[in-house]
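Input: a single structure, listed below in structure tokens.
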Amino acid sequence: MAESTQLAMGAVPGAKRQRLILIAWLFSAIIVLALAFTYYGIGLLSAARAYVGGEGLWSKAQKDAVYSLARYARYHNVHEYQAYRDSLKVNLGDRQARLELGKATPDLGVARAGFLLGRNHPDDIDGMISLFRNFRRVPDIDKAIGIWTRADLEIEQLVILSQKIHAAVQSGQTSDAVILPYLRELYAINQRLMPMEDAFSYTLGEAARKTELVLLVVLFAGVSLCLLAAYQFSHRLVRQSEDIEAALRQGERQLRALLQFAPTPMIIIRLADQAILFANEHALKQFKMTADRLDDVHASDFYVKIEDRERLMQHLQEHGNVGDWEVRMKDAHGVAFWASLSSQCINYYGQACLLTALSNIELRKRHQQELHRRAFYDELTGLPNRAMFMGTLDDTFEQKLEDGGTFALMFLDLDHFKGINDELGHSAGDRLLQEVAQRLKACVADTDVVARLGGDEFVILVSDGADAERLRQTASVILAVMRTPIQVELQTIHITVSIGISCFPQDGADLQSMMKSADLAMYSAKEQGRNNVQWFEPAPS
């Protein structure tokens, strides 16, 4: 075999040898560009995910601010006013970052400080700044920034209102005639903000999905180009075999030698019995075997599912070749991997054979899965994030509209979580959130969807009906399970949750109404002393 290889190299003119080198460099350049593009795409999706997570923190802080300000207006406790100001720092910090980045020459230090004040993770901030500055003219991003801007205008109204309430309390003007109009205005601001928060997350989710699609299309096109080039190169080698045979009088043996230079694994298979007549060094390395073992194996041994092999053979019979055929394969040790095949029927030593070029695309498949995970799953808990949950909720809503079914939403918020975070640190808080997520998943049915909306807010979608008894039992189980102490970093933590429930269709004719109803019910549970469950009750007309 070594002698054959040397003869083949000697028969290749200098120009052809240079083309081989150029092809090798072309493949290397395409691979490097694909990896660079994938890395950049993952960064974009990560930045979008950070904005969705930041929106959850923004939403939680805004609601906490409204809640604390309302309590201050009612009970005149200065600690509630301080709690309102502390919560509002998150919203004002994000507003500072947005205003600074909107300038022609922004001070990135000021923007970064604003995002930090908004409790965004320091590792995410550079990506968030880059996404804002470089893609703000993209329709979905521009729409999200517009929603953000309108929400900040409402925050400004909230600040003005808080000053009026504070002035009234300080001056002793706390009668219902003075305070009630302020509370109505406060609740009106909160109601205007809620759809903006959901629209912001949904818009960024749409942007992430579109970005993922573009990345997949570009990656697929790049890999297809590589495979096409490999196939054309292999086909050229086959066409040149006659000239090589005449020059060296070695016929198909020269083809075997030349295939050793192919930049991808190449295999020749006898169609009659699936015997492997030839495998180049790349193929032997890919399948983790040696040339002396080829007589003991057949091509069908390397398919994870034999049905995939049968479908490929049927396609070959109908079309004579296949290109970019993605299939699960395995090596001689049984280790599975994704491969992309291009195959062509040929005559080899007078026998009907199949020449196959394959590429290991396991890395690309993993990148696709990673892109999907980053876009639609919460990084901390592994639960579906707000973007994925809203998509699932939208699908459920459409299905229930069509078949007349029902579903329910359960909003859950941890009681006094901020105090735990402040006392034990964010690391302990993160570990607590992970434990809460695991407990919630254990409390619900397989058909239910548990998601983390952001901060310490969770939601459960009960999609197989809104049976009141089942919902009560589920809520009771959750309350009981959460009361079990949690060990975090040698600390025993006692945690409770407040739960709000809304049911379709009686509590909302659309998604926004359903989300709003469940959220209001949850805050009602907070007002009832926490650690309890409340069903949505419409305000008296």
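Taking the charge dipole of region 311-441 about its Cα centre, with +1 at Lys and Arg Cβ atoms and -1 at Asp and Glu Cβ atoms, the residue from Ser340, Gln351, Asn421 reaching farthest to the positive side is Gln351. Across the options Leu183, Ala199, Thr149, the greatest Cα extent toward the positive end of the charge dipole of region 100-213 (unit charges at beta carbon of Lys, Arg, Asp, Glu) belongs to Thr149. Under 5 Å between amide hydrogens, built in the peptide plane, is the criterion, and for Met266 it picks out Asn280, His282, Ala283 among residues at least 5 positions away or on other chains. Label zone (Gln506, point 7 Å along Cα-to-C-beta; backbone nitrogen cut-off 20 Å) within region 512-541: 512-525, 533-541. Calculated mean residue ellipticity at 222 nm for the chain: -22000 deg cm²/dmol, from DSSP H runs with n ≥ 4 weighted as -39500 (n - 2.57), summed, divided by the residue count and rounded to 500.
Here Ala445 and Ala275 are evaluated by their C-beta separation; at R0 = 51 Å the FRET efficiency comes out at 0.50.
Let me have the relative contact order for region 383-541, percent, based on Cα pairs under 8 Å that are six or more residues apart. With pairs under 8 Å counted, the relative contact order is 28 percent.
Under 5 Å from the amide H of Asp324 lie the amide H atoms of Leu341, Ser342, each residue being 5 or more positions distant or on a separate chain, with H modelled from the backbone and absent for Pro and chain starts. At an R0 of 45 angstrom, the distance between the Cβ atoms of Gln163 and Arg328 translates into a FRET efficiency of 0.10.
Rolling a 1.4 Å probe over the protein heavy atoms gives region 114-186 an accessible area of 53 Å² per residue. Three principal axis extents describe the C-alpha atoms of region 66-172; from largest down they are 51, 25, 21 Å. I want to check the label-to-label distance for Asn134 and Val178. Put each point 7 Å from Cα in the C-beta direction and report it in nm to one decimal. Reported label-point gap for Asn134 and Val178 is 5.5 nm.
Quick check on packing: order 79-86, 422-429 by the mean number of other C-beta atoms within 10 Å, highest mean leading.
Result, highest mean first: 79-86, 422-429.
A cut-off of 5 Å between modelled amide H atoms, ignoring neighbours fewer than 5 places along the same chain, links His298 with no other residue. Placing dummy labels 7 Å off each Cα toward the beta-carbon, the span from Lys288 to His416 is 5.4 nm.
With a 1.4 Å probe and every protein chain kept in, tell me what percent of the accessible surface of region 471-541 is carbon plus sulfur.
Reported share for carbon and sulfur atoms: 51 percent.
How much FRET efficiency would the formula 1/(1 + (r/R0)^6) give for Glu469 and Arg373, where r is the Cβ-Cβ distance and R0 is 30 Å, rounded to 0.05? Working from the Cβ atoms, E equals 0.25.
Available extension along the chain between Arg311 and Asp296 is 3.0 nm, counting 0.36 nm per residue and deducting the alpha carbon span. Measuring nothing but protein heavy atoms, the accessible surface of region 335-467 at 1.4 Å probe radius is 47 percent carbon and sulfur. Partner lysines whose Cα lies under 18 Å from the Cα of Lys288, excluding those fewer than 8 positions away in the same chain, are identified as Lys330. When you count the other C-beta atoms within 10 angstrom of each residue and take the mean per peptide, 463-471, 403-411, 486-494 line up highest first as 403-411, 463-471, 486-494.
Under the membrane-span-like helix rule (DSSP H runs whose alpha carbons stretch at least 18 Å along the helix axis, mean Kyte-Doolittle hydropathy -0.5 or higher), the chain yields 14-75, 122-135, 139-170, 176-239, 426-443, 468-482, 511-527. Per-residue extension of 0.36 nm, minus the Cα-Cα distance of Leu99 and His319, leaves a gain of 73.2 nm for this segment. Positive-end ranking of Gln434, Leu461, Pro485 along the dipole of region 433-541, with charges on Cβ about the Cα centre, is headed by Pro485. Distance between the modelled labels on Leu490 and Leu116, one decimal in nanometres: 2.9 nm (7 Å Cα→Cβ projection).
Cross-link check: pairs Lys60/Lys400; Lys418/Lys516; Lys143/Lys526; Lys63/Lys365; Lys143/Lys400 evaluated at a Cα-Cα cut-off of 31 Å; pairs beyond the cut-off: Lys143/Lys526; Lys63/Lys365.
The values are calculated or read from the model by the stated rules, or taken from the named source; none is laboratory data. From a predicted model like this one, the values you see are computed outputs, not experimental measurements. Please note: Cβ atoms are built from the backbone with ideal geometry, for glycine as well, and neighbour counts cover all protein chains shown. These accessible areas exclude ligands, DNA and RNA; they are computed on the full protein's heavy atoms, side chains included. Shrake-Rupley method; radii C 1.70, N 1.55, O 1.52, S 1.80 Å.
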